[in-house]
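Undergrad: I'd like to ask you about the structure that follows.
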Amino acid sequence: MGKYFGTDGFRGEANVDLTVEHAYKVGRFLGWYYGQKAGDHRCRVVIGKDTRRSSYMFEYSLVSGLTASGADVYLLHVTTTPSVSYVVRTEGFECGIMISASHNPYYDNGIKVINERGEKLEEEVIEKIESYLDGEIGEIPFAKRDHIGCTVDFSAGRNRYIGYLISIATRSFKNMRVGLDCANGSSFSIAKNVFDALGAETYVLSNQPDGLNINTNCGSTHIGRLMQFVKEKRLDVGFAYDGDADRCLAVDEKGELVDGDKIMYICGKYMKEQGTLVNNTIVTTIMSNFGLYKALEREGIAYEKTAVGDKYVYENMAQNGHCLGGEQSGHIIFSKNATTGDGILTSLKVMEVILEKKQTLGKLASEIEIYPQVLKNVKVKSKAEAQEDKDVQAEVQKVADALGDTGRILLRQSGTEPVIRVMVEAETDAVCEKYVDQVIDVMKAKGHIL
C-alpha cells in the first residue's frame, strides 16, 4: 500500500484526507499518462460515482484535471463500481475512475482507478500518481486549443451494463419474492430494474439517497434491517449491497444471514456439479471462516488463501486461472463475468442456484457450519516486534497444536492502525476466548501492549 492509495483506492474524509486538489491532480496525471499511451487517438476516460454529496465535487475536480491534460471524459453519473469496470473493458477506454468510499460513512469518499482491462490499477502506476501528488515529478503540460478534452454524457454505458446483467440470468425470477437493500447507494438506480426485468416480485429498502444517508443503518454493513424486512414480508430471499455495490450479503427465507463464505460455498459446490468450477478451486482470504474450509474439503473442492482484500483475491485468480473467489464481507468475484466484485451479479448467481436446484437459500446454506470466532484488537508499541516475538510465536504454535483440525488461530497486523488482530476460530466461544487471551497475555508479559 502506498502513501495515499490503499488496497481499494485513495480514500479518506472528504476535503480533509482527500481534497479537491488531490482529485484535480489525479485527473491531471491520468489524463497525461494515458494520453501518452493512447498513441494516435485521444485518451478516453470513463467516470462513475456513488450518491455521496461530495461525489459531485470530486467528479468536477477530476474532469477539470483530465480535460486540462487532453483527455475526453465520459460520465456514467451515479452507478456501481463493477459497471465502471464493465464499461472500461467492453468499450475500449484507456481507464476508468469510480468515486466512492464503498461501505464507509457519507463524509468519507474515495477515488478508485481501473485499468484498461477493467482491473484495479497496477502498483507501478499508483506509485507514479503518488510521486506526482508529492511534487516529485515535473509539471505536466496543459493541453491547448483543440487538444483540450471534452466531457460526454454516457448514461448509455450504464444501461448497457444493466442489459448485460439481465442477460446473465439463466431463467425467469417469476413468483420469487425478493428483498433488496440498496444502502442508499449506487445500486438504487440499477438493482430493482434488473430484478423487475427478470420477473421477480421486488421489495426495496434504502433506495432514497439524499447525499448524506449512504450506508447509514442499512446495506451490507447493517444487515439487521434486511433480516427483519425479509421475515416481516415473508420473502423468499434478500440481498444487501454496500455503497458502490461491489459487495453482496444475502438473507435466507427465515431472515438468517448468508455471508460471503456461505455464498462462495453455495456457488462453488453448484459450479462443481455443473462442471464450470475451473481448476476445482475457490480463492479466499485468510479471514474466511474455518467452517468454509471444512465444508470445501468435504465436497472435494480445493482452496487457496490470499491477504485480505479482493484485489489480492483477483490477482491470484488471474494468475492461476481460477474462476471463483472472494471475501467473507461479500466481495465475490466470478471471473467469467467480471474482473471485480459485483454485488448485483453475485445476487443473480445465488438466484440461479436457488432456482436450478429448487431449494431454499436456507437449505443450501445449512450444509456449511460456521465456526464461532473471537477477534480482539490489541494496541501495541510495534506491530512487527510484537508479531515476530519468539515467545508470542511459540504461544501461537502451542494454540495451533492444541486446536489441531478443530479450529485455527491467526495473528494479523492492521494496515492502518498500531494494532495486532488476534483471531481464533474453534468449536465453542469459550475455547476461542481462552486461546485468544492466552496469546494476548504473552504479548502483555513481554511488554508489547500499549
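Undergrad: Among the numbered criteria (1) outside the structural domain of VAL230 (by TED's automatic domain parsing); (2) surrounded by 18 or more Cβ atoms within 10 Å (Cβ to Cβ); (3) among the acidic types (Asp, Glu); (4) in contact (Cβ under 8 Å) with a residue 60 or more places away in the chain, which one does GLU395 miss?
TA: (4)
Undergrad: Considering each of ALA338, ALA386 in turn, give the residue that is modelled with pLDDT under 95 and among the small types (Gly, Ala, Ser).
TA: When all the criteria are applied, what remains is ALA386.
Undergrad: Hey, GLY96 hits all of (1) in contact with a Leu (Cβ under 8 Å, 6 or more places away or on another chain); (2) crowded, with 22+ Cβ neighbours inside 10 Å but one; which does it fall short on?
TA: (1)
Undergrad: Kindly indicate which of LEU257, LEU212 is surrounded by fewer than 20 Cβ atoms within 10 Å (Cβ to Cβ), over 14 Å from ARG177 (Cα atoms), touching a residue at least 40 places away in the same chain (Cβ under 8 Å) and not assigned by TED's automatic domain parsing to the domain that holds ASP50.
TA: Step by step, each of LEU257, LEU212 is checked, and only LEU212 is surrounded by fewer than 20 Cβ atoms within 10 Å (Cβ to Cβ), over 14 Å from ARG177 (Cα atoms), touching a residue at least 40 places away in the same chain (Cβ under 8 Å) and not assigned by TED's automatic domain parsing to the domain that holds ASP50.
Undergrad: Looking only at the stretch 1-28, which residues are surrounded by fewer than 22 Cβ atoms within 10 Å (Cβ to Cβ) and in a helix (DSSP H, G or I)?
TA: Hits for the stretch 1-28 are VAL20, GLU21, HIS22, TYR24, LYS25.
Undergrad: Which residues, counting only those in the stretch 91-109, are part of a strand (DSSP E or B) and either within 16 Å of GLY65 (Cα to Cα) or of a type in the set (Lys, Arg) (or both)?
TA: CYS95, GLY96, ILE97, MET98, ILE99
Undergrad: For the stretch 388-415, which positions are among the hydroxyl-bearing types (Ser, Thr, Tyr) and not in a helix (DSSP H, G or I)?
TA: SER414
Undergrad: For the stretch 124-183, which positions are part of a strand (DSSP E or B), out of contact with any Leu (no Cβ under 6 Å at 6 or more places or on another chain) and more than 25 Å from ILE214 (Cβ to Cβ)?
TA: VAL152
Undergrad: Now, a different point. Only one residue in VAL424, VAL378, VAL431 is of a type in the set (A, V, I, L, M), assigned to a helix (DSSP H, G or I), outside the structural domain of MET351 (by TED's automatic domain parsing) and buried (at least 17 other Cβ atoms within 10 Å of the Cβ). Which one? Spell out the reasoning first.
TA: Numbers: VAL424 fails: assigned to a helix (DSSP H, G or I); VAL378 fails: assigned to a helix (DSSP H, G or I).
Unique residue meeting the criteria: VAL431.
Undergrad: Let me ask something else about it. Given the conditions (1) touching a Lys or Arg at 6+ places or on another chain (Cβ under 8 Å); (2) among the acidic types (Asp, Glu); (3) modelled with pLDDT of 95 or more, report the number of the one that ASP8 does not fulfil.
TA: For ASP8, the failing item is (3).
The values are calculated or read from the model by the stated rules, or taken from the named source; none is laboratory data. Predicted model, so just to flag it, every value in this text is computed and none were measured. So basically every Cβ, Gly included, is an ideal-geometry build from the backbone, and we count neighbours across all protein chains shown.
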